[in-house]
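Contents: one structure, followed by commentary.
The values are calculated or read from the model by the stated rules, or taken from the named source; none is laboratory data. Since the model is a prediction, treat every value here as computed from it, not as a measurement. Please note: Cβ atoms are built from the backbone with ideal geometry, for glycine as well, and neighbour counts cover all protein chains shown. Surface areas here come from the heavy atoms of the whole protein model, side chains and all, with no ligands, DNA or RNA. Shrake-Rupley method; radii C 1.70, N 1.55, O 1.52, S 1.80 Å.
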Amino acid sequence: MDLLTRVSVLSRFGHALSDETRTQVLLALKDRPRYPAELADSLLVTRQKLSNHLACLRGCGLVVAVPDGRRMRYELADDNIGRALDDLLAVVLAVDPTCCSTADAVGCC
């Protein structure tokens, strides 16, 4: 396994969190390992869409697929990822509403 630089690790984490579905997947896996069908149902996304997001998260090194009989179970690749998510959730942001509205966040956030 390649060891990544600190900047690369943060960039991969940022890329993963830049999509709401991937963020929801990470938050769900923070609580416990899950199966793709369960994740898709709870997040209200298609299994194909979820599969694409899981592939991205695996590529970023944030989740791993663990064989469980004939199925695959997904979990966070490292316990520190869950703690990092908890730390990020504790951050209070001072957002300028004129800069970063959810409708037009291009070039701002």
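When region 54-64 is filtered for residues that are assigned to a helix (DSSP H, G or I) and open to solvent by 50 Å² or more (accessible area, probe 1.4 Å), the ones remaining, listed by number, are 58, 59.
A single member of 18, 42, 11, 51 is open to solvent by 40 Å² or more (accessible area, probe 1.4 Å) and within 12 Å of the chain's Cα centre (by Cα), and it is 18. Whenever a residue of region 31-54 is of a type in the set (Ser, Thr, Tyr), its partners that are open to solvent by 30 Å² or more (accessible area, probe 1.4 Å), lying with C-beta atoms within less than 7 angstrom and at least six residues away or across chains, give the pairs 35/71; 35/73; 51/36.
Scanning region 28-39 for residues that are surrounded by 15 or more Cβ atoms within 10 Å (Cβ to Cβ) and either touching a His at 6+ places or on another chain (Cβ under 7 Å) or aliphatic (A, V, I, L, M) (or both) gives 28, 29, 39.
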